[in-house]
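Everything below concerns the one structure shown next.
Coordinate-derived values only; no laboratory data. Keep in mind that this is a model prediction, so the values were computed, not measured. Cβ sites come from the backbone with ideal geometry, for glycine too, and all protein chains shown count toward neighbours.
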Amino acid sequence: MILSTSLNSTSYSFIDKLKAVDYFLIIIVAIIGSMSVFSIYSTESGNFSFYTKNHLTRFLVFFFMFLVVSFVRVSFWYKQAYIFYILGILLLLLVIFFGISASGSKRWINFFIMNLQPSELMKIAIIVCFARYYHRIQSSDIQSYKYLLQPIILLLIPCYLVITQPDLGTAILIAGSGLAIIWLAGLNLKYFIYSGLILLVSLPFVISILKPYQKSRILTFFNPDRDPLGAGYQIIQSKIAIGSGGLLGKGFLQGTQSYLEFLPEKHTDFIFTLFSEEFGFVGSMVLILLYALLIYRIIRIGFSSRSFFAKLYCFGFASALFLYIFVNIAMVVGLLPIVGAPLPIMSYGGSSMLSIMLGLGIVMSCKIYSRDPIGN
Amino acid sequence: MIKKIGNLNKNKIISRRLFILVAAKIGLLGIVTSRLYNLQISQKEKYEVLSDKNRIREWKTPPQRGIITDYFNNVIADNQRVYQVHLSLEEVSNFNNSIFKLKNIISLKEDEIKKIYEKKEKSKPWDTLIISENLSWKEFSKLNLYLHELDGAKPVLSTSRYYPYSNDLVHVVGYVGDATTQDIQNKKKIEENFVPGLKVGKIGIENSKDTDLIGNHGIKRYEVNASGKKISEISYNKETQGENLRTTIDLEIQQLAQELLKNQAGSICVMDIYTGEVITMASSPTYDPNKFTHGISTEDWNEIKNNKLRPLLNKSLAGLYSPGSTIKPLVALAALEYGIIDTKFKVNCKGHDHPYELYGERYHCWKKNGHGWMSMRNAIKQSCDIYFYEVARLLGVDKLSLIAKRYGLGSKVLEDFFSEEKKGIVPSTKWKKQVLEQSWYLGETVITGIGQGYIQTTPLQLCLMTAQLANGGYKIKPNLIYDKEIDLDIIKSKIESEKNKSVSQNILKDHEFKYYERLYRNPKNLKFVLDAMYGSTNEQFGTSFRSRHKEDKYKFAGKTGTSQVKRITDQDRELDLNLEEIEYKSRDHALFIAFAPYDKPRYSLSVLIEHGGSGSKAAAPLANKLIKKILDRHELREKIRKDLKNIA
């Protein structure tokens, strides 16, 4: 068994690897990537300037990185999973001391070429870490308190660090993807129900520790007209932009809401709004379909992987990706409060792009090295 | 092996769990999709409207007022180019600073600055404030020089109302001023076309014809960004000018009338006796309507308001005066129509020593030594009071009142055209019971016979009365705005057919008359009265003999009137003071009514001089000059009339 594993693990020819690549997935990523470049171009009213240039460069660089990472053996990620996690935590701690503040929160570290947002990196680190963690645990042990408590602590540390930045959105996404993996690993349903109840009971306490702007965002979510020029402004303007797009949209570069600057944060969190205003319901459906295909391909790769680590990672990443997309779109259409969550690949932002491309790279590596039965 | 089984078990669990997760994802995706469908398909229209509201902002451009001309197309209310400075609030970085700079450049007064701050309080952040409406060329060019230092300030070429004949027509045309909340509420047309700084008519034609004159505002639609900055013009519905109006006024006669009234308080009215066109409606003193256009200064306003001769009162139609002897032709006509007396009826006027007596009250004639035996024609000609005391007594006040109302007294001449027009009073027994709740005394009838007592008329009413006597006794429709429906030839043919109609039984009863219907029973009665008026002007001993025209073509007939403003006591009679020796306020009003030319009457006029003394001395001489001018301009007026008819 061990022998065959080691044999298998070394017997990949370059041709084999190229054959194993999921080209369909790469094409989808490329399509979404180009759509994102055009959208950012539109936020600048059709000028090829700062944001568009930056975004295009980042996309190309990180797309290349995605391809490079694809050829890194998946066992590398398995081995380095905890290191990756610890690195993430260290970076988050670094933010506290050396972070850069912008609009009231401290989220970034200056790395000369780019401002890195460690919380974005943590999104992937938590998935890799948990995939490794559950890879080793017997299914019968999963329900035990010991193995329940460890991942919860592992999850709470980064969540706490991110919330205090403060960045509620990213914290929720990290927590969400962590929980998704715990769920996939097979933790009993009753624990989810219990913790859900505990959350409900502790909600008043949670609300009391929220920052005033966070509270106002949540209140505004339930009634955007409460403060139409303040906290409700974003939701109202976003809904107007999307609604006025209609079936086919106002056309490329014709989105008046964003062109006339009614739309705040249009190149980051509200990029979907701009896209939807210009390309309408049909365009939005196409984009959502592309995301759905992307997730489907990732799940497919998970199924074809032999190792539990790869499976868990792929399924977990697919779920996390879905969560990011869902939270972002639901937020801009007014189904969820505005918490600050970027739309994968589409939104402007280096760290988010980096983490998604890294995540996709690991997925592809799972595909290429699918026969690797990892660590025992 | 155990491990393998464990792993198999784990794989099974993960697949099942994934399945549940995917199902949940599909569900959530369904929610997002349906939400997008709801926003973009079902509620598309709502959000499209909201989006347009966001991005499109409208600016209204002021409408242009219609031009007003006289009958001969001389412009009497014009639009003039003015230089203004506006301040666009969204472009101003520091409002106080901008105002301070502007103050130094265009010399704003303290109260003007206060007004600007008040206006600013009420405006929206993207509004434009009008800082000054009417800059001199010097100020305007200075402003342009310093423009680079004044963010948001805009030199604007605009138009505003201008009255080229300033004082001469203010009582006809009126003036404009800023629209008040009340103006906006009262007139729908103003509400619909309101823009900040809109001028609306305050009095006169400007006010009564506002709806026609005002025009429609334009709309400029701009695309704006979130901070309200204009990005591009989307559309411009151009403003339209209001209707141009041609009045019936003859500017030259109006100007002459104002000239004749200069330095006196009074009124002159001239009317076409067939068409009812008001050719002149002068009231003195006047004031400059141009001062009101941009808001009158307190100083100017006080000067107008405190003038003892009351320039603000439009004396032609809002001044009430006892008609005095000008009513005598009407009293005579009434007595003849009712057959109370005939023209041969005589009364002896014996002078102040033997006054007319009734129940112990004594009533004097104006002539100290008396007129002697007076027939009706002589009594009108020489204006004998004693004769008319007796005629009035025999006639009774109710019959007199009925005929007086029929010929135009006691009701508004121009209906509701001027809000300030007064109805006056034509007393009757019924009127006194209703209004004063007292019974009528015969003595009151007697003085009504010489146009004193309760009776109150406006100069325009007297002019209309004269017109309706002079045209042979037909009701006419007075008007101030040229109306193509009022056609001289049609009127004349209507009158011709009325003349030959048999008289209805009701002719002497109180009833409503239609326009151009005959008002008399026997044409001989009217002819007699008009002939007596001829005598009054053209025969020796006539009260206006000195004001006559000797030339045939200018010959006119008239009747003087002197209206007492207070009761004449025996002491006054004893003193018999000259006019200059009496206090201004106590002097009599001088009146004169006339029609011309005598042989083929066409125009009627009334002259009133407040506290002018006697009608024959103060009022009749003005008629002499006026009538010459009116008749000289007759040909020209008829030519215009024909031209206008041909155009129509």
Subject >> Dipole-positive endmost among A:Met331, A:Ser75, A:Phe64 within chain A (Cβ charges, Cα centre) >> reply: A:Ser75
**OP:** State the Cα centre-to-centre distance between region B:128-142 and region A:288-345 in whole Å.
**Re:** 65 Å
Original post:
How crowded by other chains is A:316-329, given as the mean number of beta carbons from other chains within 10 Å of each beta carbon?
Top reply: 3
**OP:** Determine the dipole magnitude for region B:299-368: charges of +1 sit on the beta-carbon of Lys and Arg, -1 on that of Asp and Glu, nothing else is charged, the reference point is the Cα centre, and the result goes in debye to the nearest 20.
**Re:** 280 debye
Subject >> Positive-end residue, the protein assembly as shown charge dipole about Cα centroid, Cβ charges, pick of B:Leu309, A:Phe38, A:Gly361 >> reply: A:Gly361
Subject >> Long pairs among B:Lys381/B:Lys559; B:Lys553/B:Lys617; B:Lys475/B:Lys501, criterion Cα-Cα beyond 18 Å >> reply: B:Lys553/B:Lys617
Subject >> Exposure proxy order (Cβ contacts within 10 Å, fewest to most) of A:Thr256, A:Thr43, B:Thr69, B:Thr569 >> reply: B:Thr569, B:Thr69, A:Thr256, A:Thr43
**OP:** Excluding residues on the same chain fewer than 8 positions from B:Lys25, give the lysines whose Cα lies under 21 Å from its Cα.
**Re:** A:Lys123, A:Lys190, A:Lys311, B:Lys12
Original post:
Taking only C-alpha pairs under 8 Å that are 6+ residues apart, what is the relative contact order of region B:469-609 in percent?
Top reply: 20 percent
Subject >> Spacing of the two label points (7 Å from each Cα toward its C-beta) at B:Glu110 and A:Ile209, in nm >> reply: 6.3 nm
**OP:** Select from A:Ile113, A:Ile172, A:Leu197 the residue farthest towards the positive end of the dipole of region A:2-368; place +1 on Cβ of Lys and Arg, -1 on Cβ of Asp and Glu, and compute about the Cα centre.
**Re:** A:Leu197
**OP:** Pull out a ≥ b ≥ c, the square roots of the eigenvalues of the alpha-carbon gyration tensor of region A:24-112, then state rounded if a/c is under 1.5, prolate if not and a/b is larger than b/c, and oblate in the remaining case.
**Re:** oblate
Original post:
Can you give the mean number of other chain Cβ atoms that lie within 10 Å of the Cβ atoms in peptide A:270-280?
Top reply: 1
Original post:
Can you sort A:Tyr313, A:Tyr41 so the residue with the fewest Cβ neighbours within 10 Å comes first?
Top reply: A:Tyr41, A:Tyr313
**OP:** On a C-alpha basis, how far is the centre of region B:421-465 from the centre of region B:277-316 in Å? Whole number, if you could?
**Re:** 29 Å
**OP:** Work out the mean other chain Cβ neighbour count within 10 Å for the residues of B:26-36 and drop it here as an integer.
**Re:** 5
Subject >> DSSP H segments from chain B that extend 30 Å or more along their own axis, Cα-based, with Kyte-Doolittle mean of -0.5 or above >> reply: B:2-37
Subject >> Backbone HN-Hα couplings from phi across region B:169-174 [Karplus 6.51/-1.76/1.60, Hz, Gly and Pro as x] >> reply: 10, 4, 7, 9, 7, x
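For each of B:Ser136, A:Ser177, count neighbouring Cβ atoms within 10 Å of the residue's Cβ, then give the residues from fewest to most. Display every interim value, and only then the final one.
Details: B:Ser136 12, A:Ser177 26.
Starting with the residue having the fewest Cβ neighbours, the order is B:Ser136, A:Ser177.
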Subject >> Distance violations [Cα-Cα > 32 Å] among A:Lys146/A:Lys215; A:Lys266/B:Lys46; B:Lys368/B:Lys433; B:Lys202/B:Lys477; B:Lys262/B:Lys499; A:Lys266/B:Lys44 >> reply: A:Lys146/A:Lys215; B:Lys368/B:Lys433; B:Lys262/B:Lys499
Original post:
Along region B:364-380, what does the Karplus equation 6.51 cos²θ - 1.76 cosθ + 1.60 (θ = phi - 60°) give for ³J(HN,Hα), rounded to whole Hz, x for Gly and Pro?
Top reply: 9, 8, 5, 8, 4, 8, x, 9, x, 6, 10, 8, 4, 4, 5, 5, 6
Subject >> Long pairs among B:Lys187/B:Lys430; B:Lys53/B:Lys209; B:Lys509/B:Lys642; B:Lys315/B:Lys430, criterion Cα-Cα beyond 32 Å >> reply: B:Lys187/B:Lys430; B:Lys53/B:Lys209; B:Lys509/B:Lys642
Subject >> Amide hydrogen neighbours beyond the local backbone of A:Trp108, cut-off 5 Å, H modeled >> reply: A:Ile100
**OP:** Report, by chain and number, residues whose modeled amide H sits under 5 Å from the one on B:Gly351, excluding near sequence neighbours (fewer than 5 apart, same chain).
**Re:** B:Gly370, B:His371, B:Gly372
Original post:
Can you name the helices of chain A, as whole DSSP H runs, whose Cα span along the helix axis is 24 Å or more and whose Kyte-Doolittle mean is not below -0.5?
Top reply: A:23-43, A:50-70, A:74-98, A:118-136, A:145-163, A:168-185, A:189-209, A:271-304, A:308-332, A:350-368
**OP:** Scan around B:Gln80 for amide H atoms under 5 Å from its own, H built in the peptide plane at 1.01 Å from N, and keep only partners 5 or more places away or cross-chain.
**Re:** B:Ser160, B:Arg161, B:Tyr162
Subject >> Segment B:Lys344-B:Gln438, length gained on full extension (0.36 nm per residue, minus Cα span) >> reply: 30.3 nm
Subject >> From phi via Karplus (6.51, -1.76, 1.60), per-residue ³J(HN,Hα) for region B:575-582 in Hz, x at Gly/Pro >> reply: 5, 6, 6, 6, 4, 5, 7, 8
**OP:** Assign one of three labels to chain A, namely rounded, prolate or oblate, based on the Cα gyration tensor with a ≥ b ≥ c the square roots of its eigenvalues; rounded applies when a/c is under 1.5, prolate when it is not and a/b is larger than b/c, and oblate otherwise.
**Re:** oblate
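Express the relative contact order of region A:189-340 as a whole percentage, based on alpha carbon pairs under 8 Å and six or more residues apart in sequence.
22 percent
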**OP:** Note down the relative contact order for region B:58-246 as a percent, whole number, built from C-alpha pairs under 8 angstrom at least six residues apart.
**Re:** 34 percent
Subject >> Size of electric dipole in the protein assembly as shown: Cβ of Lys, Arg +1 and of Asp, Glu -1, about Cα centre, debye, nearest 20 >> reply: 3580 debye
**OP:** Treating only the Cβ atoms of Lys and Arg (+1) and Asp and Glu (-1) as charged, compute the dipole magnitude of chain B about its Cα centre; round to the nearest 20 debye.
**Re:** 2880 debye
